[in-house]
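Written out below as structure tokens is the structure these notes cover.
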Amino acid sequence: MSLIEVERLNKNYFTDGVPTGILRDVNLKVEENEFVAIMGPSGSGKSTLLHILGFLERKKIIEETVEMVGLERRLHYETSKLSGGEKQRVAMARALVNNPRMILADEPTGNLDSQSGGIVMDTLKQLNKKGHAVVLVTHESYTASYASRIIHLLDGQVEREELMARRIDEEKMFIK
Ligand code: ADP
């Protein structure tokens, strides 16, 4: 099952009642443990898409975590109406929810020198190997090269998707 799936996603901003299409019919799936980069010119909608993915992420994870501690029937209760035991289970859910299955990063290497950027990207790669899906926004090819898939946005639409070959250092590890 996909971690996140959006189908025909549209987002408009309104100025004086006039809509501007920021995202137009975007289809996107992120699988468990995937590493995805979103690229595109400035203003193409990358950050907007990442924010929307963050909201979808969060809602699903909160619901799953609440279910894990058996509080799904209390999801919309006010905290003051919960019993002591239920409040404890809420505290557990809060801790569990912080182990994210998906990491969203907007320009994680922006404003960093190449060495610091490399460290950040290696850390993201390690987290990905440990089982966290990663979705990042970047306009740097080097940063995007860590991903296994690159989604190119243009004027709010997915222009094309690019599947990346396995990186050379991983090939070497694989041959060993
Ligand atoms: P990118 O991350 O690719 O540079 P953004 O997602 O930040 O693009 O923005 C896409 C477009 O949406 C831009 O034209 C930007 O001006 C516009 N935009 C972003 N946020 C708002 C907002 N709150 N109100 C109106 N327009 C916005």
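The values are calculated or read from the model by the stated rules, or taken from the named source; none is laboratory data. Treat the numbers as computed from the prediction; the structure is a model and nothing was measured. FYI the Cβ positions are ideal-geometry reconstructions off the backbone, even for glycines, and counts take in every protein chain you see.
The figures follow:
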{"read-out": "Conditions (1) out of contact with any Asp or Glu (no Cβ under 6 Å at 6 or more places or on another chain); (2) within 16 Å of the ligand (Cβ to nearest atom): number failed by His132", "value": "(2)"}
{"read-out": "Test: Phe14 is part of a strand (DSSP E or B), without any contact (Cβ under 8 Å) to a residue 40 or more places away in the chain and aromatic (Phe, Trp, Tyr)", "value": "yes"}
{"read-out": "Pairs where the first residue, in the range 39-51, is within 15 Å of Leu28 (Cβ to Cβ) and at pLDDT 95 or above and the second is within 6 Å of the ligand (Cβ to nearest atom) and assigned to a loop (DSSP other than H, G, I, E, B), C-beta under 7 Å, 6+ apart", "value": "Lys46/Gly40"}
{"read-out": "Candidate set from the range 17-45 (those that are over 30 Å from Arg101 (Cβ atoms) and assigned to a strand (DSSP E or B)); member that is nearest to the ligand (Cβ to nearest atom)", "value": "Thr20"}
